Structures are given as C-alpha cells and as structure tokens.
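The values are calculated or read from the model by the stated rules, or taken from the named source; none is laboratory data. All of these numbers come straight from a predicted model, not from anything done at the bench. Cβ coordinates were reconstructed from backbone atoms using ideal geometry, including for glycine residues, and neighbour counts include every protein chain displayed. Just so you know, the surface numbers come from the protein's heavy atoms only, side chains and all, with ligands and any DNA or RNA stripped out. Shrake-Rupley method; radii C 1.70, N 1.55, O 1.52, S 1.80 Å.
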Amino acid sequence: MVLGKRDSRLTSCQSLACGALAGLLSRSLTCPLDVVKVLSQVGTFHSKKGFLRTFRIVLEAEGLRALWKGNGIACVRLFPHSTVQLSAYNRFVSFFMDDFGHISHCRAIVAGSLAGIVAAVLTYPAELIETRLIVQNSTAPIYRGIIHTFLTVYTKEGFLALYRGASLTVLGSVPFSAGSFLVYINLDKLWNKPSVKLTPLQNFGNGCLAAGVAQTFSFPFETVKRKMQAQSPLLPHYGGVDVHFTGVVDCFKQIVKTKGALSLWNGLTANLVKIVPYYGLMFSTFEFCKRVCLYKNGYIVSPLSYQLSPGVDQSLGAEELWELRRLIREKSFKTNQSTLGTKWWG
C-alpha cells in the first residue's frame, strides 16, 4: 500500500506505522466484501443466488465470524507486501528516470505495476492461504489456521502448490496498467483543469475511479487465479470450484464454455462496492494517524485540526526539528545557569 510521497515531518517509522494501521483497519472492515468476492470468483454454492444473497447464505451456513475468514493472513501479508512494493517502486522509478531525474507518467505507471508484481509474487503463498481459508467450511475446517494451512499445502501438495496461479499475477498486470493509464490520461478532461490543481476530494475520486477501471480490466485473470488457488484434493468438492480444469488456459476455456464469458467477472460487484469504503477508510485513517504524529512532533497545535504551530518551520524534517529544539533547550539551560550564578555572586 503506497500512500504517496512521504511527509518529511514524519519519521520513517511513523510513516510506516500510519500506513500499517490504515491498511489493517480498512482491510478488516471491508473483509466481508472480500469474502463474498472470492466465493463468487471460485464459484462455491454460497454465490449461486447473487451478491446480496451470498452474505445471508454464509451467515446461515457458518455464522457471523465466517465473513472474516482469511482476514488474519491478509493483514499479516500487508506489511511485507507494502514494504517490498515501496522498495521495488523506488528502484524501478530510478531505473526509468532520464538524465535530468524526470519520469513520464506512463513510465511511472509501469514502475508501479512492476513493483506490484514483485510484491505480489514474493508474498503469493499468503494469498493462496487466504483463499483456502475462505473457501473451506469454517464449521468443519480442514485447515486450522495460517501455519497449519501452509504446512498442509506444502507437505501434501508440494512447494509449487503454494504458487499455483502465480503466473496470472504477471498476466493480469498488463490490463491493470492499461486501465490505470486510460483513466489517468483523461483526468484533465474529466475535471476540466490540470491535475496539480485538483482538491483532495477530487484526487480521492480519481484514485477510486482508476482502481475501479483497472481492476475491471484485469478481473478475469484474478478470477482464474482464485479458482486455481482454491482447487485442492484436500478440500470437499475440490474447494467448491465450479469448473474442472488442468491448467491456466484450460481454466479460461472451461469457464467460457460451461459458464459463459461474463462469469469471468463474477464477484466484480462486491469488488467495486468495496473500493470507495476501502480507500476512504485507508486515507482517512492514514491522515488522522499522520496528524497525531505531526502533533507529537510539534508541527500542529492539535491532532483534531490542521492548524500549524506558530513559529515552527514546516520545511524542517522531524529529526531536524527535534535537534533544533534540543539545542534551544540546552542553550536556555546554560543561560539560566549563568544568570543564577551571576545573581548568587552578586
């Protein structure tokens, strides 16, 4: 989760903590939509009667907690995924920069896509574990937790099973990047003004729109990936997958042949419904955490507002401001000592 350029008024640890908390909260609160999306993509019996009925069927069959299946591993995955993505993004941006340190918007999107691929592939086993935990019946579980799922898949199905469907992450990045770029090049026309003059609300709308279009373009690849992740001889009915297949290409063929081409977008409704609350929660939580840190660092007068502290140079980094304050305190202490000494001797 990359939330934009880091504010130098926050330390690296503070920025990381704000991003982590924002990601955990937004992911956890929108988890029921993720569960419905995955079940729809896999094609389990829960999703046969539509988006809204899926919630009811899951509740009746497995209880309220079932709407948060897989949330633990998804939250655990956030930190390494974000760290790797940010590190890879900075490397790719440096690679794509020209001799003057500039990078085009097209290359920036490509850099972001490549960074996303690297992070997704390196943390892919966690995503597979999440899918397995979601599709199993939580009232009679085959997998008893994150570690047990990992060990069971590894010992019973082999190491490569942990990366089943990983190639679709790479293939899906092409339409995802195309969707992002398509939205970006038309933003000026949409708002009828340059992007540098957009309000925070407009930028938030841009992010949701870009995410919606990009994910819609790449959704068939994710649907096939989820079916491949869920398919397992260890689970009843092979994980509840609604088609039988032998590989990536065959999976595409069988879906179109038996369910129709539009079924490649099963679960898209839940995915699109999730975008606004997910990004809204993420950015609002990040901004509030950021304000708490800025207040603690002395840049603003209260975390409940954004009123700047009088007399504080906002261009100074957090460590620079702390060092300046330390020097001022030491100087003030020495001055007071000198004044007291003069009075005593006088």
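A few comments on the model shown:
- Yes/no for residue 212 being buried (at least 17 other Cβ atoms within 10 Å of the Cβ) and without any contact (Cβ under 8 Å) to a residue 40 or more places away in the chain: no
- Verdict on residue 235 being closer than 26 Å to residue 67 by Cβ, touching a Pro at 6+ places or on another chain (Cβ under 6 Å) and open to solvent by less than 40 Å² (accessible area, probe 1.4 Å): no
- Of all residues making up segment 147-160, the number that are part of a helix (DSSP H, G or I) and surrounded by fewer than 17 Cβ atoms within 10 Å (Cβ to Cβ): 9
- Lone qualifier among 296, 257 - being farther than 30 Å from residue 20 by Cα, open to solvent by 70 Å² or more (accessible area, probe 1.4 Å) and either free of Cβ contacts under 8 Å to residues at least 24 places away in the same chain or over 22 Å from the mean Cα position of the chain (by Cα) (or both): 257
- Residue 277 being open to solvent by 20 Å² or more (accessible area, probe 1.4 Å) and either aromatic (Phe, Trp, Tyr) or outside any helix (DSSP H, G or I) (or both): no
- Selection within segment 56-82 - surrounded by 16 or more Cβ atoms within 10 Å (Cβ to Cβ) and either without any contact (Cβ under 8 Å) to a residue 24 or more places away in the chain or among the hydroxyl-bearing types (Ser, Thr, Tyr) (or both): 57, 58, 82
- Flag for residue 113 being polar (S, T, N, Q) and without any contact (Cβ under 8 Å) to a residue 40 or more places away in the chain: no
- Number of the condition not met by residue 46 [criteria: (1) open to solvent by less than 20 Å² (accessible area, probe 1.4 Å); (2) under 24 Å from the mean Cα position of the chain (by Cα); (3) within 27 Å of residue 141 (Cα to Cα)]: (2)
- In summary, helices (runs of 4 or more DSSP H) completely within segment 14-119 and bearing 1 or more residues that are of a type outside the set (Lys, Arg), touching a Cys at 6+ places or on another chain (Cβ under 6 Å) and at pLDDT 90 or above occur at 71-96.
- Within segment 120-146, the set of residues being open to solvent by less than 50 Å² (accessible area, probe 1.4 Å), assigned to a helix (DSSP H, G or I) and under 26 Å from residue 64 (Cβ atoms) comprises 126, 127, 128, 129, 130, 131, 132, 133, 134, 135.
- Checking each residue in segment 161-175 for being open to solvent by 20 Å² or more (accessible area, probe 1.4 Å) and assigned to a loop (DSSP other than H, G, I, E, B) picks out only 164.
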